[in-house]
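To start, the structure under review is shown below, and the notes come after it.
The values are calculated or read from the model by the stated rules, or taken from the named source; none is laboratory data. This is a predicted model, so every value here is computed, not measured. So basically every Cβ, Gly included, is an ideal-geometry build from the backbone, and we count neighbours across all protein chains shown. Ligands, DNA and RNA are stripped out before the accessible areas are found, and what is left, the full protein with its side chains, is counted by its heavy atoms. Shrake-Rupley method; radii C 1.70, N 1.55, O 1.52, S 1.80 Å.
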Amino acid sequence: MTIKHESQKIAQNFYTFAVLLFLVQVAIGIIAAIQFIKPDFFILNFNIIRSLHINALVVWLLVGLMGATYYVVPEESETELWSIPLAKFQFWATVIAVTAVVLGYIWMGLNPQANTLVFGTRLLNEGREYIEAPRWADILIVVSVLVFLLNNFMTMLKTKKWTGIQGTLLGGLTFLALMYLPGMFYTQSMVKDQFWWWWVVHLWVEGSWEVIAGALLAFMLMKVTGVKREVVEKWMYIEVGLVLFTGILGLGHHYYWIGTPGYWLWVGGIFSALEPVPLLVMVWDAFRTTREARVVTNKAGLYYTVAHAIFNFVGAGLWGVIHTLPQVNKWTHGTQITTAHGHLAFYGAYVLLILSMIYVTLPAIRGVKEYNQSRAFLSFWWMTISMIFIVLTITGAGMVQTYMERLMGLDYVAVKTTYNMWFWILRAIFGVGFLIGVGIFVKDYFKIGKEPVPAVSPAAEKA
Amino acid sequence: MSNKAARNLFIFGSLFFFVILVILTFDTLAKLPKRAPEITEEVNAGKMVWHKYDCIGCHTILGNGSYFAPDMTKVTERKPKEYLKQFLMDPKSVNPKASMPKFGITSEEAEKLIAFLDWISKVDTNGWPPKPILATAAGVAGRELTSGQRLYQSLGCSNCHMINGIGGTTGPDLTHVGSKKDRVWLFGHFKDPKAYVPNSVMPGFGHLSEQELNDLTDYMIALK
């Protein structure tokens, strides 16, 4: 597989930035893990480290999705991108804005008083989880996303090939852009603040992002296994449909305890209990398609794609549903159980999604059919095994916390600093294992297609 | 099912559920004012302070946040305000083991923040956080409590102090307090903590009756 349109190469800029941010995010995650053991470790306090850890994650996933979209849309539209200079401008504008925001966080970490009010909004950090970026940066992000959407819609309009995959992909991206807006106004009530904040966070990760994931999963299965478009697209519609049917009102599971009316316990409980269903259909879809494929050249690409489907279900689905019912959530809400779910869900649903898109499309961008796949498998196992143990240790910590703090009434600090200490130590060690996996992946990213292929596999010869 | 039918089901089904969400949102926003006290200027100013220092980067509030430090939803019910104020301005001065750094929070900022946290503690959260089972179960199932123990519970002493591993870490551990302090010290300290420990942020309990103070002191003495 090689690229058909020169402009698809722009994807590589976005991938590179995403991959480097991924490395930074995980390195910062280890600092955060050590701060659980020793809070005054490092020059920046935990709040800044955590803001960097989760913001780097969100940004690199978004940048990765943009790269993937710039690859998919010309391919599906069978034409060059509407404007390459615009895409390049959008890329560099994003890099500069992100760098400015990061420097702002660090500045605030060194001098908390620097986070002053400017025109009624915070200069450096809005102090709202995940959407810490100040308002001026919000506006730049919106402009960047609008430019990005414009470029892709104009590309589609050139040939008007409204394939299901790219329609769903761009629909999901438009939904994503719209759902950033509820986080862009100030409310005096913390209840309303969190109410709208969840619109952003939930309707991103359990709404629009899953729609995008469904579209990209369909694209990758089609490219890697050569299965028919009609079949993957039909299942894609069913999957993303179920994602939104359950996910939109599944938002209710965040409205149990934040001061919102009691009927959300019913709405959230019922719909979020069904949220794993579409993710399970995706797993089944991935396996069914893979079984039908006789010859697969890009084994690593397929491997990551199927792993993404599996861990999307395990992380976002299973680890979410265990504490989604209000009767359980009453005790686990706000504990490390949520952290465990967050880690496995983001890894399975989105980290592996972007990595699989890279493995499926990068060889073509670099113009090679075959590449040395051994590092891809090595990094996969380092990352996946480490992440499984990270999640198990945090889940253990969450169970201890739920039992001792919430059920027995022990003090938060006592539980954290004594009973859970071993879990923090083990988590930090597995964190280093994850960093090693990411290191292997980053090396692989820069090497793919730029070194000789060692031995050609029999399957590839036949192909 | 044809692809077109699947596509239409996806689009119109999703729109249907989104419309329901919008309707529920309107209903919820209309009901919110009745579920919390009025927001005064001071409460709003306190919320701004909360954002300024990125408190959510470590703490949770209404259970949402960073899980690194205690939840702040009911903190003003659990800790004396004077303690909170001093802690916010200089955490280690009142609790040497505190992990929280000194951010340079001013006295006015601390007061506004406490007003905001007080507002949060009065929001109707459908019963969250639930009372720990052990705290609810104490004194039932034939375990008769002494009047000192009952007072210890009803006054919320365990919010700050620990006995046998149960209770807060804000104040000193009381597990063996009976072998460290005598009756006169304990009795006098309850009435006016600052007279015995100059930097103390413990509220005085001079408003209690002589009998109640004696009961509490008896309980403390028994903790050998």
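Rg then Dmax, both in Å and based on the Cα atoms of chain B: 23.6, 87. About its Cα centre, the dipole of chain B is roughly 660 debye, where the only charges are +1 on Lys and Arg Cβ and -1 on Asp and Glu Cβ.
Buried accessible area between A and B (1.4 Å probe, both chains summed, ligands and nucleic acids excluded), in Å² to the nearest 100? When A and B are taken together, about 6600 Å² of accessible area is lost. Based on the alpha-carbon gyration tensor of the stretch B:177-224 and its eigenvalue square roots a ≥ b ≥ c, which shape applies: rounded if a/c is under 1.5, prolate if not and a/b is larger than b/c, or oblate? It is oblate, given that a/c is not under 1.5 and a/b is not larger than b/c. Interface burial in the stretch B:115-135 reaches 20 Å² or more for B:Trp119, B:Val123, B:Thr125, B:Asn126, B:Trp128, B:Pro130, B:Pro132, B:Ile133, B:Leu134, comparing the full protein assembly with the chain by itself; accessible area from heavy atoms with a 1.4 Å probe.
The share of Cα pairs per 10 Å bin across the stretch B:144-222, counted from zero up to the longest distance, runs 19, 58, 23, 0 percent. Taken over the stretch B:41-121, lysine pairs spaced eight or more positions apart, or on distinct chains, with alpha carbons under 12 Å apart number 4. Of the accessible area of the protein assembly as shown, computed with a 1.4 Å probe over protein heavy atoms only, carbon and sulfur atoms account for 68 percent. With all protein chains kept in place, the per residue accessible area of chain A amounts to 36 square angstrom at a probe of 1.4 angstrom.
Between the listed residues B:Cys58, B:Ser99, B:Asn44, the Cα displaced farthest toward the positive end of the dipole of the stretch B:41-121, a dipole computed from Cβ unit charges relative to the Cα centre, is found at B:Ser99. Along its three principal directions, the equivalent ellipsoid of the stretch A:240-361 from the Cα gyration tensor extends over semi-axes of 32, 15, 10 Å, largest first. Bridging of A:Lys4 to aspartates and glutamates at a Cα separation below 14 Å is possible for A:Glu75, A:Glu76, A:Glu78, A:Glu80, once same-chain residues fewer than 8 apart are set aside. Taking θ as phi - 60° and the Karplus parameters 6.51, -1.76 and 1.60, the scalar couplings of the stretch B:19-27 work out to 4, 4, 4, 5, 4, 4, 5, 4, 4 Hz in sequence order, x denoting glycine and proline. The helix-only estimate of mean residue ellipticity at 222 nm for chain A, built from DSSP H runs of length n ≥ 4 each weighted as -39500 (n - 2.57), is -23000 deg cm²/dmol after division by the residue total.
Average accessible surface for chain B: 50 Å² per residue, computed with a 1.4 Å probe over protein heavy atoms with every protein chain in place.
Computed over the alpha-carbon pairs of the stretch A:322-463, the distance histogram in 5 Å steps reads 2, 9, 15, 16, 13, 11, 9, 7, 6, 5, 4, 2, 1, 0 percent, short to long. Comparing the full protein assembly with the isolated chain, the residues of the stretch B:44-59 losing at least 40 square angstrom of accessible surface (1.4 Å probe) are B:Asn44, B:Lys47, B:Met48, B:His51, B:Lys52, B:Asp54, B:Ile56.
Principal-axis analysis of the Cα atoms of chain A puts helix A:135-159 at an angle of about 20° to the longest axis. With θ set to phi - 60°, apply the Karplus curve 6.51 cos²θ - 1.76 cosθ + 1.60 along the stretch B:82-94 and write out the HN-Hα couplings as whole Hz, x wherever there is a Gly or Pro. So the J values, rounded to whole Hz, are 5, 4, 4, 4, 5, 4, 4, 6, 7, x, 6, 5, 9. Any chance you could give the angle, 0 to 90 degrees and rounded to 10, that helix B:210-222 forms with the longest Cα principal axis of chain B? Its long axis makes an angle of about 90 degrees.
One quarter of the convex hull surface built on the alpha carbon atoms of the stretch B:35-142 amounts to 8.3 nm², the projected area averaged over directions. Round to a whole angstrom and tell me the spacing of the C-alpha centers of the stretch A:262-312 and the stretch A:61-87. First find each Cα centre; the distance between them is then 25 Å.
Compute the whole-percent fraction of alpha carbon pairs in the protein assembly as shown spaced more than 38 Å apart. Above the 38 Å cut-off, the protein assembly as shown has 39 percent of its Cα pairs.
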